[in-house]
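Peer 1: I'd like to ask you about the structure that follows.
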Amino acid sequence: MLGFALRMLVCYGLFHALYFWIPIEVLHDKIYPRLFGQPAVAMIDALQPAEAVSAQANRLSSPRAALEIVRGCDGSGVLFLVCAAVLAFPTSWRARLAGVLFGAALVYALNLLRLAGLYFVAAYRPPWFLPLHTYFVPTLLIVAMALFYLAWLGWAAPARPR
Amino acid sequence: MLRAAALRLCAAWVVCSALGFLFGDTLLRGATPLLSAAVHWIAPELQSGVSLIDDGRGGTQLLLDARTEQPLALGDGLVVPVGQALPSRANGVHVLVPLVILCSALFTLPARDRRERVLLVASILPLGLAVLLVTAPFQLVGLIELALQDYASSHGVARADPLSLHWMLFLESGGRWVLPLVFAAVSYAGVRRFGTRRLT
């Protein structure tokens, strides 16, 4: 267990260092609009076309509300966590690769849902925004990914090399 | 076993989140002397105190009320004078996130017997305190350092990022989730290794 925790911490530290190596301008102007802004706008439009929400750089805005996607609020922490936990677990590389790919896809989907959801909360229930954004949603994301990890363990553990 | 762990995790998250949301202020208020002491240890050049205040929106904030106790040299002759107020704030419930994760993890990890479960639950108190002390004070001091970096930068002074700022950035980008999980893993390993009563 200690070895697992140490390996996970090392992997996480590596991901974190690489992430902070990306200039903030690249994140705000190139990555966030394509990866999160436009897909979140499409999701909000699909649910409520009258919102007239648009994505510019790292901002989602409409006449009702505006959200800013900043470093650390892009789901990277959860992504690094699940990838580090998958890579730290002693199993086959095939199982690890599957864990990383499915984990990343799930984190991305949940983060888009989070962004769209937070937009609606900011627009229609502003008093709920702070407790949801800073307290309930982050821990819920961790729980969701922990459940994914448990499911992955159930699948990957039998493939452990002996 | 994994299904049982998943159910325990969901139940633990619901209970811990609700408890933190309802009673977190009391916990934070009780911890402010320790948080003040930690801030003083991290930034001895500041005269400081941590308190819990109303944020005016139905929530609370941890307020670090700090002043420079001595001139603070930022480089190239740029100095923050003595007595300069340098306040910083952190959202109250946000500070509790690592504690919710720690408690949920410790309730979820499987125990072989009741004694192990009791030890895991008992470790919440020291580990919770440790998690709080390696997160909240650094977040407050890190925000001050961030303001000082901006101030130095606006005067054309390049200042190396202090360690507390690096740590705050680590915490803000997910470190506050990783640390409680690592603490829980270490506690679990300790309980498994030393916690089980040996039958002879």
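The values are calculated or read from the model by the stated rules, or taken from the named source; none is laboratory data. None of the values given here were measured: they were computed from a predicted structure. Note that each Cβ is placed from the backbone with ideal geometry, even for glycine, and that neighbours are counted across all protein chains shown.
Peer 1: If you scan the range B:96-140, which residues turn out to be of a type in the set (Phe, Trp, Tyr) and crowded, with 24+ Cβ neighbours inside 10 Å? Let's see the steps before the verdict.
Peer 2: Let us first name the residues in the range B:96-140 that are of a type in the set (Phe, Trp, Tyr), namely B:107, B:138.
B:PHE138, the sole residue that qualifies.
Peer 1: Among the listed residues B:LEU63, B:LEU52, B:LEU72, B:LEU46, which satisfies the condition of being in contact with a Lys or Arg (Cβ under 7 Å, 6 or more places away or on another chain), at negative phi, surrounded by 14 or more Cβ atoms within 10 Å (Cβ to Cβ) and modelled with pLDDT under 90?
Peer 2: Numbers: B:LEU63 fails: modelled with pLDDT under 90; B:LEU52 fails: modelled with pLDDT under 90; B:LEU72 fails: in contact with a Lys or Arg (Cβ under 7 Å, 6 or more places away or on another chain).
Just one listed residue meets the conditions, B:LEU46.
Peer 1: Could you list all residues from the range B:90-127 that are under 28 Å from A:TRP128 (Cα atoms) and touching a Cys at 6+ places or on another chain (Cβ under 7 Å)?
Peer 2: Scanning the range B:90-127 gives B:VAL100, B:CYS103, B:SER104.
Peer 1: While we're on this one: Scan the range A:1-26 for residues that are closer than 24 Å to A:ARG59 by Cβ and in contact with a helix residue (DSSP H, G or I) (Cβ under 9 Å, 6 or more places away or on another chain) and jot them down.
Peer 2: A:TYR19, A:PHE20, A:ILE22
Peer 1: Name the single residue, out of those in the range A:1-36 being among the small types (Gly, Ala, Ser) and either part of a loop (DSSP other than H, G, I, E, B) or at pLDDT 90 or above (or both), that is surrounded by the fewest Cβ atoms within 10 Å (Cβ to Cβ).
Peer 2: Among those that are among the small types (Gly, Ala, Ser) and either part of a loop (DSSP other than H, G, I, E, B) or at pLDDT 90 or above (or both), it is A:ALA17.
Peer 1: Here is a further query. Out of A:CYS73, A:CYS83, which single residue is in contact (Cβ under 8 Å) with a residue 24 or more places away in the chain and buried (at least 16 other Cβ atoms within 10 Å of the Cβ)?
Peer 2: Working: A:CYS73 fails: in contact (Cβ under 8 Å) with a residue 24 or more places away in the chain.
Matching residue, one of A:CYS73, A:CYS83: A:CYS83.
Peer 1: Looking at B:VAL134 and the list (1) under 18 Å from B:TRP13 (Cα atoms); (2) away from chain A (no Cβ under 13 Å); (3) hydrophobic (A, V, I, L, M, F, W, C), which single condition is not satisfied?
Peer 2: Unmet condition: (1).
Peer 1: Would you check if there is a residue in the range B:143-154 being away from chain A (no Cβ under 13 Å) and not in a helix (DSSP H, G or I)?
Peer 2: Quick first cut of the range B:143-154, residues away from chain A (no Cβ under 13 Å) only: B:143-145, B:147-154.
Filter once more, keeping what is not in a helix (DSSP H, G or I): none.
Looking through the range B:143-154, none of the residues is away from chain A (no Cβ under 13 Å) and not in a helix (DSSP H, G or I).
Peer 1: Based on what the data block shows, is A:ARG7 farther than 26 Å from A:PHE136 by Cα, touching a residue at least 40 places away in the same chain (Cβ under 8 Å) and within 14 Å of another protein chain (Cβ to nearest Cβ)?
Peer 2: Numbers: farther than 26 Å from A:PHE136 by Cα: yes; touching a residue at least 40 places away in the same chain (Cβ under 8 Å): yes; within 14 Å of another protein chain (Cβ to nearest Cβ): yes.
So A:ARG7 fits the description; yes.
Peer 1: A follow-up question, please. Hey, can you tell me all the residues within the range B:171-195 that are touching a Pro at 6+ places or on another chain (Cβ under 8 Å) and either more than 7 Å from every other protein chain (Cβ to nearest Cβ) or of a type in the set (D, E, K, R) (or both)?
Peer 2: The first filter runs over the range B:171-195 and keeps only residues touching a Pro at 6+ places or on another chain (Cβ under 8 Å), leaving B:176-177, B:179-180.
Hits for the range B:171-195 are B:ARG176, B:LEU179, B:PRO180.
Peer 1: Let me ask you something else. Kindly establish whether A:VAL143 is among the aliphatic types (A, V, I, L, M) and crowded, with 19+ Cβ neighbours inside 10 Å. Step through it out loud before you land on a result.
Peer 2: Details: among the aliphatic types (A, V, I, L, M): yes; crowded, with 19+ Cβ neighbours inside 10 Å: yes.
Spelling it out, A:VAL143 is indeed among the aliphatic types (A, V, I, L, M) and crowded, with 19+ Cβ neighbours inside 10 Å.
Peer 1: All but one of (1) within 14 Å of chain B (Cβ to nearest Cβ); (2) under 17 Å from A:LEU113 (Cα atoms) hold for A:ASN58, so report the exception by its number.
Peer 2: Going through the list (1) within 14 Å of chain B (Cβ to nearest Cβ); (2) under 17 Å from A:LEU113 (Cα atoms), A:ASN58 breaks only (1).
Peer 1: Looking at A:VAL78, is it under 30 Å from B:LEU106 (Cβ atoms) and within 14 Å of chain B (Cβ to nearest Cβ)? Break it down into steps so the answer makes sense when it comes.
Peer 2: Values: under 30 Å from B:LEU106 (Cβ atoms): yes; within 14 Å of chain B (Cβ to nearest Cβ): yes.
Yes.
Peer 1: Also: Go through the range A:66-95 and count every residue that is within 23 Å of B:GLY175 (Cβ to Cβ), of a type outside the set (Phe, Trp, Tyr) and in a helix (DSSP H, G or I).
Peer 2: 12
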